[in-house]
Amino acid sequence: MFISIDAEKCMGHGRCYSVAPDLLSDDDEGFVAERGRCWQVPDEQLDLAYEAADACPESAIALLETAPADA
Amino acid sequence: MSVDSTETFRGLPVSHTDFTSYTEIYEHYRRLDADREAARFQFNDTTERGFFMLQRYDDVQRGFQQHATWTTAVRSALNPGIGEPLLPQDLNGSAHQKLRKILNQFFSPVAIRRMEPQARARCIELIEELRPAGRCDFVQEFAIRFPTDLFLSILGLPTSDGEKFVVWSEEFFAAMLSGDMSTATVAKKNIMDYFTEAVNERRAHPGDPDVDMVSRLVQADIDGEALSHDDILTILLTLMLAGLDTTRSALGYIFTHLAQHPEDRQRLIDEPEMVPKAMEEFLRLYPLVFQAGREVQEDGEFDGLQLAKGDVVWIGIAQANRDPRKYDDPDTFDMDRHGASTHLAFGGGPHRCLGMHLARMGIKVVLEEWHPRIPDYRISDGVELTERGGQLTLPTLPLEWEA
Ligand code: HEM
Ligand code: SF4
């Protein structure tokens with residue numbers, strides 16, 4: 001499973017890294033540091049990835065079965 | 001006072017619901033829920049310009065993302081007049097982004113965590129002052145004092161000024177709401193003189209711009225230009241207007257709930273690690289900024305809703321937070337609710353609340369420090385609670401406990 005964080009949509013609500021600090025981190029403005037990135041989530045972090053996606057008020061985090069063509 | 005299904009405006013049902021009066025507590029949520037369920041989009045004609053209402057979660061979330069064509073030239077659908085100039089609110093596009101970049105750093109979770117120990121100590125002091133009396137007006141004696149001190153400390157100003165500052169800001173709010181412009185002017189002058197002195201002092205003796213916000217504002221530049229003195233004062237006044245009444249209001253609704261639901265209170269005492277989750281659910285269930293306004297800058301369509309340049313849009317925050325399409329049993333408090341933090345109580349898009357992490361820290365600290373000291377409290381007998389419309393707040397919340 002791939003996690004993808006939309007840099008345009010992310011507005012720095014900080015819910016994702018609060019619920020999943022082992023997967024995501026914050027920058028000094030409060031945005032998720034990994035915004036704009038897409039990477040494969042190891043199986044043991046899948047639950048965290050779902051938690052993070054479910055916590056975001058901007059729907060900025062997507063979980064994808066396959067890597068997007070442009071990643 | 002409701003949606004009239006026979007009357008239409010540009011093909012939409014017309015709502016006559018008033019959202020600006022004083023009512024019994026929670027009445028606004030009933031009106032907001034009823035309007036949302038009456039029609040997906042509707043036009044409300046209770047203000048001079050009227051407004052087009054987005055009310056479902058998905059529409060509200062996407063409404064906040066229309067920032068390219070819908071701007072804060074109107075900030076509140078209920079009050080589309082210009083009002084006080086506010087920064088960063090009044091900016092849009094890249095000018096807004098550049099100012100937010102300077103401010104965000106002071107309001108980020110990292111920055112707020114640095115403030116927490118001091119905030120906690122102050123919170124304990126205020127609670128200990130009230131405890132021996134066995135009663136207080138929670139709203140007027142506590143819920144406004146603590147956010148005022150937080151506000152001063154984020155600016156790098158002494159919290160010992162809180163006592164006089166709270167008097168001015170209260171006078172200013174009250175006078176603005178009642179339209180008493182002469183009192184408002186005097187109160188505003190006191191506040192502006194105080195800010196001016198602080199700014200001048202930091203120009204003469206700069207503090208560390210990484211932790212002292214006034215020093216940073218004085219030194220900051222945007223595209224090679226310093227912020228003007230007036231803009232700095234506007235930013236400070238905006239933070240005061242945006243941060244004090246809101247946090248007080250949130251605390252008022254939360255403590256009303258906890259006074260009336262001893263089982264939820266007990267759970268927070270037994271499982272303090274639940275405080276952050278409970279807080280998100282409180283913010284979802286009791287949003288106080290229940291709408292944001294925007295003005296449409298060019299003709300266009302929003303998923304079938306036709307809008308023209310100059311139209312006022314209502315982005316229905318509270319209606320999204322209580323939308324049954326998004327949340328099961330939405331009008332019920334559920335501390336274990338999955339995904340409560342997707343609520344839009346702090347707005348969304350580029351104008352999302354600058355102070356959200358400060359407000360969260362403040363509320364969390366109060367919930368954690370109040371209950372070990374005053375675990376058992378109730379609303380005084382015979383009190384009928386009311387709420388102010390426009391932007392919700394409780395004028396008073398008398399609480400009692402065994403001292
Ligand atoms: C529970 C407390 C609070 C709530 C519910 C709240 C809610 C909101 C909402 C809904 C918005 C978005 C308005 C819009 O999109 O037009 C907003 C914006 C804002 N809030 Fe808060 N707020 C709270 C506390 C604070 C605090 C403590 C501060 C600062 C000290 C603050 C400062 C601001 C500022 C400066 C903006 C404008 C941001 C911009 O336009 O870029 N707020 N707030
Ligand atoms: S919760 Fe969403 S908006 Fe907030 S930082 Fe995470 S991705 Fe960005």
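Count, please, the residues in the stretch B:371-403 that happen to be over 27 Å from B:A77 (Cβ atoms) and either crowded, with 17+ Cβ neighbours inside 10 Å or in contact (Cβ under 8 Å) with a residue 24 or more places away in the chain (or both). So the answer is 19. Checking each residue in the stretch A:9-51 for being closer than 19 Å to B:L103 by Cα, of a type outside the set (A, V, I, L, M) and more than 16 Å from ligand 1 (Cβ to nearest atom) picks out A:D26, A:D27, A:D28.
Annotation: of all residues in the stretch B:322-348 being more than 16 Å from ligand 2 (Cβ to nearest atom) and either touching a His at 6+ places or on another chain (Cβ under 8 Å) or of a type in the set (A, V, I, L, M) (or both), the one that is farthest from B:V275 (Cα to Cα) is B:F333. Among the residues making up the stretch A:38-53, those that are closer than 18 Å to A:E8 by Cα and more than 10 Å from ligand 2 (Cβ to nearest atom) are A:C38, A:W39. Residue-level check: of (1) within 14 Å of chain A (Cβ to nearest Cβ); (2) aromatic (F, W, Y); (3) open to solvent by 40 Å² or more (accessible area, probe 1.4 Å), B:Y57 misses just (3). Checked against the criterion of being open to solvent by 10 Å² or more (accessible area, probe 1.4 Å) and of a type in the set (S, T, N, Q), the candidates B:Q42, B:Q66 yield just one match: B:Q66.
Somewhere in the stretch B:70-92, is a residue at pLDDT 90 or above, buried (at least 18 other Cβ atoms within 10 Å of the Cβ), within 14 Å of chain A (Cβ to nearest Cβ) and closer than 30 Å to B:S15 by Cα? Within the stretch B:70-92, not a single residue is at pLDDT 90 or above, buried (at least 18 other Cβ atoms within 10 Å of the Cβ), within 14 Å of chain A (Cβ to nearest Cβ) and closer than 30 Å to B:S15 by Cα. You will find that of B:L87, B:L152, B:L126, the residue that is within 30 Å of A:R15 (Cα to Cα) and assigned to a loop (DSSP other than H, G, I, E, B) is B:L87 and no other.
In the set B:R113, B:R30, B:R36, B:R75, only one residue is among the charged types (D, E, K, R), part of a helix (DSSP H, G or I) and closer than 24 Å to B:A359 by Cα; that residue is B:R113. Among the conditions (1) hydrophobic (A, V, I, L, M, F, W, C); (2) open to solvent by less than 40 Å² (accessible area, probe 1.4 Å); (3) more than 10 Å from the chain's Cα centre (by Cα), the only one that A:A20 does not satisfy is (3).
When the stretch A:1-37 is filtered for residues that are within 13 Å of ligand 2 (Cβ to nearest atom), in contact (Cβ under 8 Å) with a residue 24 or more places away in the chain and outside any loop (DSSP other than H, G, I, E, B), the ones remaining, listed by number, are A:I3, A:S4, A:I5, A:R15, A:C16, A:Y17, A:S18, A:V19, A:V32. Looking only at residues of the stretch B:101-122 that are open to solvent by 40 Å² or more (accessible area, probe 1.4 Å) and under 17 Å from A:A33 (Cα atoms), we find that the one that is farthest from ligand 1 (Cβ to nearest atom) is B:V110. Picking from residues in the stretch B:346-403 that are among the polar types (S, T, N, Q) and touching a Pro at 6+ places or on another chain (Cβ under 9 Å), the one that is farthest from ligand 1 (Cβ to nearest atom) is B:S380. Applying the criterion of at least 1 residues that are in contact with a Phe, Trp or Tyr (Cβ under 9 Å, 6 or more places away or on another chain) and aliphatic (A, V, I, L, M) to the strands (runs of 3 or more DSSP E) found wholly in the stretch B:301-388 leaves B:305-307, B:312-315. When the stretch B:324-348 is filtered for residues that are more than 13 Å from every other protein chain (Cβ to nearest Cβ) and not β-branched (V, I, T), the ones remaining, listed by number, are B:P324, B:R325, B:D328, B:D329, B:P330, B:D331, B:F333, B:D334, B:M335, B:D336. Among the numbered conditions (1) surrounded by fewer than 24 Cβ atoms within 10 Å (Cβ to Cβ); (2) within 13 Å of ligand 1 (Cβ to nearest atom); (3) within 14 Å of another protein chain (Cβ to nearest Cβ), the only one that B:A320 does not meet is (1).
Can you tell which of B:I222, B:I235 is surrounded by 15 or more Cβ atoms within 10 Å (Cβ to Cβ) and of a type outside the set (F, W, Y)? One residue alone meets the criteria, B:I235.
Results for (1) over 27 Å from B:S178 (Cα atoms); (2) within 11 Å of ligand 1 (Cβ to nearest atom), shown as yes or no for each residue.
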{"site": "B:F51", "(1), (2)": "no, no"}
{"site": "B:L54", "(1), (2)": "yes, no"}
{"site": "B:Y57", "(1), (2)": "yes, no"}
{"site": "B:R62", "(1), (2)": "yes, no"}
{"site": "B:H67", "(1), (2)": "yes, yes"}
{"site": "B:P80", "(1), (2)": "no, no"}
{"site": "B:Q89", "(1), (2)": "no, yes"}
{"site": "B:S94", "(1), (2)": "yes, no"}
{"site": "B:L99", "(1), (2)": "yes, yes"}
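Before we move on, is A:E8 open to solvent by less than 60 Å² (accessible area, probe 1.4 Å) and closer than 23 Å to B:I317 by Cα? Considered against the rule, which asks whether it is open to solvent by less than 60 Å² (accessible area, probe 1.4 Å) and closer than 23 Å to B:I317 by Cα, A:E8 comes out as no. Within the group A:D27, A:D54, which residue is within 11 Å of chain B (Cβ to nearest Cβ) and closer than 30 Å to B:V211 by Cα? Matching residue, one of A:D27, A:D54: A:D27.
The values are calculated or read from the model by the stated rules, or taken from the named source; none is laboratory data. Note that this is a predicted model, so its numbers are computed, not measured. Positions of Cβ are generated from backbone atoms using ideal geometry, with glycine treated the same way; all protein chains shown enter the neighbour counts. Side chains are part of the model used for accessible areas, which takes the heavy atoms of the whole protein and leaves out ligands, DNA and RNA. Shrake-Rupley method; radii C 1.70, N 1.55, O 1.52, S 1.80 Å.
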